[in-house]
């Protein structure tokens with residue numbers, strides 16, 4: 001048995017835009033990892049801080065793709081895959097650091113569990129190592145109205161890691177902060193949807209992987225630390241807009257038509273409530289983002305129809321199997337009205 005059979009090649013793909021010191025720390029952290037067979041592909045999304053030249057000078061062994069425009073996370077990762085030779089694709093944010101043995105548990109899971117398409121590590125906060133990170137926690141879930149949440153994080157509420165989510169678990173989505181995917185299934189599912197640009201493209205991908213009949217997991221034995229919102233700060237208009245628009249885009253595109261027609265009015269009511277709430281707080285950026293997201297939805301039906309047609313060719317089983325992995329209620333109501341602040345308060349059944 002060759003070493004490549006024991007340690008299959010992993011292609012680590014890192015989209016990057018500006019702030020070279022952040023990327024440098026990430027690359028140096030990867031170099032300390034114990035997994036012996038990997039390649040690193042950095043996709044520079046037209047950085048303006050001379051990042052490409054610095055990468056060439058300091059990390060000449062890295063495969064570097066230099067874009068002339070910013071293709072975002074989705075487009076950048078897709079370009080990275082075009083140069084990837086690995087059996088597995090490990091998509092990674094540039095603002096992460098890693099435990100020494102973080103890759104082995106992810107690869108081992110995919111090697112042993114042939115029904116698994118993607119796996120994510122436990123993601124903790126870089127600045128407070130015992131705090132679950134906003135972007136993924138210990139595995140992502142979603143409610144029926146396409147509001148995402150994670151074990152360890154509900155909206156802005158982040159829990160301390162006390163080992164409460166250290167169980168291996170089937171989840172709905174793996175975080176784009178750090179996730180490993182079978183290359184053949186990534187291609188079969190149609191890669192990341194570039195329309196998303198950034199935010200929730202990984203949720204959409206995981207949804208399509210489930211359409212193919214596979215599932216996704218979190219492996220908490222693997223640990224990554226994330227700085228969060230370095231490339232796109234939390235409270236910007238663009239971030240608000242992408243979160244609202246991309247969630248609505250998924251709802252309209254990925255559910256069956258009858259279910260999408262049933263759920264969309266309920267979701268729009270919640271969008272209007274969020275708009276009024278933002279108005280009461282004089283949060284003009286959030287108000288503008290919600291309006292822009294609804295406006296985009298109204299004037300881009302052709303993209304939704306195109307995506308629905310593509311998704312139809314992927315479906316290997318009944319939609320009911322995928323819906324079983326969704327929370328049937330509204331996490332918004334549970335959190336804001338019933339004041340439940342942790343995953344376990346709402347999802348005790350999911351943990352039993």
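Which residues, counting only those in the range 110-169, are free of Cβ contacts under 8 Å to residues at least 40 places away in the same chain, closer than 28 Å to residue 5 by Cα and not in a loop (DSSP other than H, G, I, E, B)?
112
Just to be sure before I move on: is residue 185 touching a residue at least 60 places away in the same chain (Cβ under 8 Å) and over 16 Å from residue 138 (Cβ atoms) in the structure I sent? So that I can check it myself, show each step before the final result.
On the way: touching a residue at least 60 places away in the same chain (Cβ under 8 Å): yes; over 16 Å from residue 138 (Cβ atoms): yes.
The answer is yes for residue 185.
Assess whether residue 345 counts as being assigned to a helix (DSSP H, G or I), in contact with a strand residue (DSSP E or B) (Cβ under 9 Å, 6 or more places away or on another chain), free of Cβ contacts under 8 Å to residues at least 60 places away in the same chain and loosely packed, with under 14 Cβ neighbours inside 10 Å. Please lay out each step first, then the result.
Working: assigned to a helix (DSSP H, G or I): yes; in contact with a strand residue (DSSP E or B) (Cβ under 9 Å, 6 or more places away or on another chain): yes; free of Cβ contacts under 8 Å to residues at least 60 places away in the same chain: yes; loosely packed, with under 14 Cβ neighbours inside 10 Å: yes.
When the stated conditions are applied, residue 345 passes them.
Which number in (1) closer than 27 Å to residue 115 by Cα; (2) part of a helix (DSSP H, G or I) marks the one condition that residue 219 misses?
Going through the list (1) closer than 27 Å to residue 115 by Cα; (2) part of a helix (DSSP H, G or I), residue 219 breaks only (2).
Which one of these is surrounded by fewer than 17 Cβ atoms within 10 Å (Cβ to Cβ), under 26 Å from residue 157 (Cβ atoms) and outside the structural domain of residue 205 (by TED's automatic domain parsing): 306, 324, 318? If you could, list the steps in order and put the result at the bottom.
Details: 306 fails: under 26 Å from residue 157 (Cβ atoms); 318 fails: under 26 Å from residue 157 (Cβ atoms).
Being surrounded by fewer than 17 Cβ atoms within 10 Å (Cβ to Cβ), under 26 Å from residue 157 (Cβ atoms) and outside the structural domain of residue 205 (by TED's automatic domain parsing) holds for just one of 306, 324, 318, which is 324.
Which ranges mark the strands (runs of 3 or more DSSP E) fully within the range 1-103 that have 3 or more residues being modelled with pLDDT of 95 or more and in contact with a helix residue (DSSP H, G or I) (Cβ under 6 Å, 6 or more places away or on another chain)?
The qualifying strands (runs of 3 or more DSSP E) are 10-16, 38-44, 63-66, 96-98.
Residue check: is residue 179 outside the structural domain of residue 246 (by TED's automatic domain parsing), in contact with a helix residue (DSSP H, G or I) (Cβ under 7 Å, 6 or more places away or on another chain) and over 28 Å from residue 261 (Cα atoms)?
On the way: outside the structural domain of residue 246 (by TED's automatic domain parsing): yes; in contact with a helix residue (DSSP H, G or I) (Cβ under 7 Å, 6 or more places away or on another chain): yes; over 28 Å from residue 261 (Cα atoms): yes.
So residue 179 passes the test.
Out of 315, 281, 340, report the one residue that is within 23 Å of residue 235 (Cβ to Cβ) and at pLDDT below 95. First the steps, then the outcome.
On the way: 315 fails: within 23 Å of residue 235 (Cβ to Cβ); 340 fails: within 23 Å of residue 235 (Cβ to Cβ).
Going through 315, 281, 340 in turn, the sole match is 281.
Restricting to the range 35-75, and then to whatever is surrounded by fewer than 21 Cβ atoms within 10 Å (Cβ to Cβ) and on the phi > 0 side of the Ramachandran plot, can you tell me which residue is nearest to the chain's Cα centre (by Cα)?
Selected residue: 46.
In the range 25-34, how many residues are more than 22 Å from the chain's Cα centre (by Cα) and either within 23 Å of residue 108 (Cα to Cα) or surrounded by 16 or more Cβ atoms within 10 Å (Cβ to Cβ) (or both)? Write out each step before concluding.
Within the range 25-34, the subset more than 22 Å from the chain's Cα centre (by Cα) is 28, 31-34.
Narrowing the set further to residues that are either within 23 Å of residue 108 (Cα to Cα) or surrounded by 16 or more Cβ atoms within 10 Å (Cβ to Cβ) (or both) leaves 31-34.
The total comes to 4.
The values are calculated or read from the model by the stated rules, or taken from the named source; none is laboratory data. None of these values were measured; they are calculated from a predicted model. Here the Cβ is made from the backbone with ideal geometry for all residues, glycine too, and neighbour counts use every protein chain on show.
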